[in-house]
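Any read-out appearing in this document is the output of simple, stated calculations on the displayed coordinates, not a laboratory observation. Given the structure is predicted, the values throughout are model-derived calculations rather than measurements. Here the Cβ positions follow ideal geometry from the backbone for every residue, glycine too, while neighbour counts run over all protein chains shown.
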Amino acid sequence: MLGYKELPFEIMHPGEFYYELLVSGRLKIDPAKKIKEPVTLQDPCNIIRRAGAAEKFRYIVRQTCENFIEMYPNREHNFCCNAGGGLAVLAQWLSHKARGNRVKVEQIMATGAKIVITPCHNCNTGLKDIIGYWKFPVKLMFLDELLVNTMHIPEELLPEEG
Amino acid sequence: MGFLESVALYSFLRGPMVWLAFIIFIFGSIYRIYTLINLAKKEKVVLPFINIKAAIKSYLHWLIPFASRNWRLKPYFTIFTFLFHTGLIFVPIFLYAHNALWYESWGISWWTLPEIVADVWTIFVIIGCIFFIGRRIFDPTVRFVTNYADFIFVFICLFTFLTGFLAHYQWVLPYKAMLNLHILFGEIMLIAIPFTRLTHMYYFFFTRAWMASQAASWKTKDW
Amino acid sequence: MAVKPQVLEEKEVYISPYFPEYVRPKIEDPGLDETIKRLTPEKIEKAYQAVFGKETARIKAIIETCIHCGLCAEACQWYLSNDRDPTYSPVAKVKMSAWELIKRKGKVEPGLVYHIARVVFTECNICHRCSLYCPFGLDITFIIGLVRRFCFLLGVVPQRMFEMNQAFMATLNQVWISQSDYIDTLMWREEEGMYELKNLRVPLNKEGVEVIWYPLAAEPKAGVYHIDRIAKIFQVAGVNWAMVTINDAWDSSNMPMFTRDFFTMQRIVKGLYENAAKFRAKKLVLTE
C-alpha cells in the first residue's frame with residue numbers, strides 16, 4: 001500500500017464524496033424532508049483518525065438533520081465501535097465484545113439521540129451488537145440512507161405513475 | 001563512614017569518574033541515536049514519511065502542560081511530571097554550585113538560578129519521584145506493567161536529588177560523605193541514560209516525530 | 001447512567017496461567033482451541049523470527065521507549081468499560097503479548113500463544129486511539145498488528161476471522177460471491193430501481209468515468225439496498241459513475257488487514273487500483 005504513494009486518482013470515502021456533491025450544489029437537500037429527531041454521529045476510527053474526514057461528515061449531518069448532538073468525546077477522540085479492527089466477524093465473542101464497549105453505550109445515552117449515524121459498515125455492525133446486548137433504544141442510519149431520504153429529487157426524474 | 005568521607009574517594013569521583021561518566025553519556029547517546037537512525041534508513045517506509053512541520057507542532061503540544069487532551073485528563077499527573085522533568089534538566093545545569101564547578105574546571109559559567117528557586121524546584125523533583133514511585137505501587141494499572149528496572153531509575157533520580165539537597169543543608173550525614181554520595185549517584189545517572197529506558201529523553205523526539213508524521217498524513221492531529 | 005446487560009453470561013472462567021490477573025469468561029473458539037494443539041516449538045520460533053527476528057527501527061524504538069507509565073489506559077474503551085481492569089489497558093496488552101515474546105525470544109509454549117492470540121484478536125480493535133494518548137506517540141497498534149501477524153503465521157486465528165480470510169484468498173471478496181452472481185445482482189437492482197427513479201442506471205465497466213464505486217461484498221449479498229441508494233444519489237447528482245465487475249477485484253473491504261496477511265492485502269489493493277487505472281477513473285469511492 002505504501003508503495004503506491006502517488007496515484008493517478010483520488011481515493012475517498014463516500015462521505016467525502018457526498019460532501020463534495022453537497023458543497024458544489026450538485027445534490028440539493030429538500031428542507032421539508034430534513035430529519036427532526038435528535039441525531040448523533042459515530043466517528044469511525046479508520047475514516048476520522050486515519051483519514052481526517054471529521055468536518056465533512058459534520059457538514060453533511062448539519063445539512064440534513066435539524067437537531068444534531070455531538071457525542072463527547074468526539075472527532076479523533078471518539079471511542080471505537082469495537083468492530084472495525086477485525087472484531088466485527090467474531091460471532092462467538094459477541095457478548096464479550098459488547099461488555100467491552102459499555103462506554104460507547106453510555107456515551108450515546110448521554111447525548112439523548114434517537115438516531116445514530118454510522119458512516120461505516122463496521123461501526124454499524126459494532127453498534128448493532130452493543131444495542132442488541134445492552135438493549136437501548138436507538139436507531140442506526142447510514143449516510144446514504146440519510147441522503148436518499150432527504151435529498152431533493154428533480155421533477156423529471158420522478159417515475160411515471162402506473 | 002570513613003571511606004565515604006575520604007578525600008581519595010572525592011578526588012576519584014571528581015577526577016577520572018567525571019570524565020568517564022560524561023564520555024559514556026555522550027558517546028553512548030550518539031551511538032544510540034545513530035543506530036536508531038541507521039535502522040530507520042533500512043526500513044524504507046520510515047524516513048520518507050517524516051513530516052518536520054507536523055513533528056514540531058506535536059512536540060509543542062506535548063511539551064507544554066495541558067496542551068494535549070491526555071494532559072488535561074490527568075491534571076495532577078501533568079503538574080508533577082512537568083515539575084519533575086523540567087527540574088531534572090534545568091536544576092543541574094543552572095545550579096549555582098554546579099556553575100562554580102564548571103568555572104573551576106574550565107573557566108566557563110552562565111546564568112544561575114536563585115537559591116530559593118533551586119531549592120523549591122529540587123523539593124518538587126523529590127516529591128515527583130515519590131509520586132511516581134507511589135503510582136507504580138498503588139495504581140493497579142501501572143503496577144501491572146511495572147518491573148524492577150522501572151523502580152531503579154526513579155530511585156537513581158530520587159537519590160541524586162535527595163543527597164544533593166541534604167548535602168547543601170548538611171543534614172543527616174556529614175557534608176563530605178553526602179557530597180560524595182551525591183556525585184556518585186549523579187554519575188550513575190549519566191552513565192545509565194544510554195543503557196536504560198532513560199533513553200526516552202531523546203527517543204521522545206523520534207517516536208513523537210513518527211507518530212506526528214503519520215497523523216499528518218492521515219490529516220488529523222495527535223494531541 | 002446505569003445500563004444493565006440482559007443476556008446470559010458465560011459461566012466458566014479462563015484464568016491465564018501466565019498472568020494470574022487475567023480473568024476472563026471461557027469462550028470456545030475452534031480457531032484458537034484446536035490450532036494450538038498443532039503447534040511445535042520449532043514452528044513458533046520460526047514465526048517469531050519471521051516477524052520480530054529482524055531488528056527494525058520501529059519495533060526497537062517502541063519497545064525501548066515505553067516508560068510503562070500507563071497513560072494510554074485512559075484511551076482504551078475496553079479498559080474504561082471493564083471498570084478500569086488493569087489487564088485491559090493497551091500497555092498491558094503489549095506486555096502480555098509482544099514483551100513476553102521478545103523476552104523469551106520466541107521460545108514459548110502453545111498455551112501462551114493461545115493467551116496472546118486471545119489478547120490481540122479479541123480485546124484490541126486496532127482503533128489507534130491509544131497512540132493519541134501516549135506522551136511519546138508510540139504506535140501501540142503497530143505492535144499489536146505484528147503480534148497478530150505472528151499468530152496468523154501460526155494459524156492461531158479466531159475461526160470466523162480465518163474463514164473470512166480464506167474467502168478473500170480464494171475469491172478476493174469476503175462472502176464467496178462469484179462474478180456471475182455479482183453481475184446478476186447489480187442488474188436486478190437496476191431493474192427494480194427503475195420503478196423508484198426514472199431511468200435509474202447501474203453502469204458496469206464504463207471507461208473514462210468520474211467515479212468508480214467499489215462496494216463491500218456484503219452489500220450485493222445481504223444489503224442490496226445500499227446499491228439502490230448509491231445509484232439514486234449518483235443519478236440525482238448526475239455523476240458519471242460505474243461499478244467494476246472484472247478480474248474479481250471489486251470488494252473494497254480489505255479484511256485480511258485484520259490478520260496482517262500482507263500477501264492477500266496486496267493482491268486486493270493491487271486489483272482495485274489496476275481496475276481503476278484500466279477504466280481511467282478520476283476518483284475511487286470505497287464503500288461506507
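For segment C:15-102, GluC sites (Glu not before Pro) meeting the loop criterion (DSSP other than H, G, I, E, B) and having at most 15 other Cβ atoms within 10 Å: C:GLU21, C:GLU28, C:GLU34, C:GLU55. Between A:LEU41 and A:MET71, A:ILE117, the built amide H atoms are under 5 Å apart, and every one of these is 5 or more places off in sequence or on another chain.
Shown in residue order for segment C:154-166 are the 3J(HN,Hα) couplings computed by the Karplus curve 6.51 cos²θ - 1.76 cosθ + 1.60 at θ = phi - 60°: 8, x, 8, 10, x, 3, 4, 5, 5, 4, 4, 5, 5 Hz (x for Gly and Pro). If you build a Gaussian network model of chain C, linking Cα atoms that sit under 10 Å apart, which residue out of C:ILE59, C:ILE246, C:ILE212 swings the most? Of C:ILE59, C:ILE246, C:ILE212, the Gaussian network model singles out C:ILE246 as fluctuating most.
Mean partner shielding of peptide C:266-277, defined as the number of other chain Cβ atoms within 10 Å of each residue Cβ, is 2.
About its Cα centre, the dipole of chain B is roughly 1200 debye, where the only charges are +1 on Lys and Arg Cβ and -1 on Asp and Glu Cβ. Within chain A, A:CYS65 have no other Cys Cβ under 4.7 Å of their Cβ and so lack a disulfide-compatible partner by this rule. Dipole size of segment B:139-223 about its Cα centre, with +1 on Lys/Arg Cβ and -1 on Asp/Glu Cβ: approximately 220 debye, rounded to the nearest 20. The slack in the chain from B:THR196 to B:LEU4, taken as 0.36 nm per residue of separation less the alpha-carbon distance, amounts to 66.4 nm. Please check: in the Gaussian network model of chain C (C-alpha springs, under 10 Å), which one of C:ALA57, C:ALA217, C:ALA117 has the largest mean-square fluctuation. Top of the fluctuation ranking is C:ALA57. Based on C-alpha pairs under 8 angstrom that are at least 6 apart in sequence, segment C:13-157 has a relative contact order of 32 percent. Residue ranges C:139-147, C:219-227 sort as C:139-147, C:219-227 when ordered by packing (mean number of other C-beta atoms within 10 Å per residue, highest first). Look at the dipole of chain C built from charges on Cβ: of C:MET169, C:ALA217, C:LEU71, the Cα furthest out on the positive end belongs to C:LEU71. Farthest toward the positive end of the dipole of segment A:49-152, out of A:CYS123, A:ASN74, A:LEU94, is the Cα of A:LEU94, where the dipole comes from beta carbon charges about the Cα centre.
Looking at segment C:177-213, the GluC sites (Glu not before Pro) that sit in a DSSP loop and have at most 11 other Cβ atoms within 10 Å of their own Cβ are C:GLU207. Sparsely packed loop sites in segment C:228-288 (the trypsin sites (Lys or Arg not before Pro) outside DSSP H, G, I, E and B with at most 13 other Cβ atoms within 10 Å) comprise C:ARG280.
With a Förster radius of 51 Å applied to the C-beta separation of A:LYS36 and B:PHE90, the computed FRET efficiency comes to 0.30. For segment C:222-244, the residues whose amide N sits under 19 Å from a probe point set 7 Å from the Cα of C:TRP188 along the beta carbon direction are C:222-232, C:243-244. Excluding same-chain residues fewer than 8 positions from A:LYS34, which lysines have a Cα within less than 21 Å of its Cα? Correct list for A:LYS34: A:LYS56, A:LYS114, A:LYS139, C:LYS232.
Averaged over the residues of peptide C:119-125, the number of Cβ atoms from other protein chains lying within 10 Å of each residue's Cβ is 6. The mean sequence separation of alpha-carbon pairs under 8 Å and at least six residues apart, normalised by the residue count of segment C:172-286, gives a relative contact order of 36 percent. Among the residues of C:225-234, the average count of other protein chain beta-carbon atoms within 10 Å of the residue beta-carbon is 5. For a label point 7 Å from the Cα of B:ILE108 along Cα→C-beta, name the residues of segment B:3-25 whose backbone N is under 16 Å from it. From segment B:3-25, the list is B:19, B:22-23.
Would you list, by chain and number, the aspartates and glutamates whose Cα falls below 17 Å from the Cα of A:LYS135, excluding same-chain residues fewer than 8 positions away? Once the sequence-local aspartates and glutamates are set aside, what remains near A:LYS135 is A:GLU106, C:GLU9. Site pair C:TRP176 and B:ASN38 shows an inter-label distance of 5.3 nm when each label is modelled 7 Å from Cα along Cα→Cβ.
If R0 is taken as 56 Å, the Cβ-Cβ distance between B:ILE26 and C:GLU28 corresponds to a FRET efficiency of 0.45. Here's the picture: charge each Lys and Arg Cβ at +1 and each Asp and Glu Cβ at -1 in segment B:63-176, and of B:LEU158, B:ILE133, B:VAL172 the one pushed furthest to the positive end of that dipole is B:ILE133. Between A:GLU155 and B:VAL45, the simple spin-label model (points 7 angstrom out along Cα→Cβ) gives 5.5 nm.
Pairs of lysines in chain B whose Cα atoms sit within less than 21 Å of one another amount to 7, provided the residues are eight or more positions apart or on different chains.
Cα centroids of segment B:42-91 and segment C:215-288: 39 Å apart. List the lysines whose alpha-carbon lies under 16 Å from that of C:LYS26, not counting same-chain residues fewer than 8 positions away? Correct list for C:LYS26: A:LYS97, C:LYS11.
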